[in-house]
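The next block holds one structure in the form of structure tokens; read it before the comments.
The values are calculated or read from the model by the stated rules, or taken from the named source; none is laboratory data. Because the structure is a prediction, the values reported are computed rather than measured. Cβ coordinates were reconstructed from backbone atoms using ideal geometry, including for glycine residues, and neighbour counts include every protein chain displayed.
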Amino acid sequence: MFTANSAWLVLAVIAFNLTRAAGLIADQAGRLARATTATIRRALISVPARLARSARRIILHLPEAWPWQTAFARLFTATHAPPPATAT
């Protein structure tokens, strides 16, 4: 029983830390850096978008004039960028 509770606690802490990191990466103005977890979840994770598939590609259609579009684009670019080149 203790190990199951411990595993849930570890998963909750990981989710919290990932959410806070996403808030830091997404917003340069600092609004999301100081926001609560619920605000970050509402602004970045619960995206009001539509998925479409065309020619074996997945397209994400975001709504026009969505207030968090630049923050979401910054987070998406940072997390899906190729890894930096390493000097050997």
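Which of the residues belonging to the stretch 21-40 are closer than 15 Å to PHE76 by Cα, out of contact with any Leu (no Cβ under 7 Å at 6 or more places or on another chain) and not in a loop (DSSP other than H, G, I, E, B)?
ALA21, LEU24
Can you tell me which residue within the stretch 53-88, out of those that are of a type in the set (Phe, Trp, Tyr) and part of a loop (DSSP other than H, G, I, E, B), is surrounded by the most Cβ atoms within 10 Å (Cβ to Cβ)?
TRP68
Taking the residues in the stretch 41-52 that are among the aliphatic types (A, V, I, L, M) and not in a helix (DSSP H, G or I) as candidates, determine which candidate is farthest from GLY23 (Cα to Cα).
ALA52
I want to confirm something. Restricting to the stretch 66-88 and keeping residues that are modelled with pLDDT under 85 and of a type in the set (Ser, Thr, Tyr), which single residue is farthest from ARG31 (Cα to Cα)?
THR88
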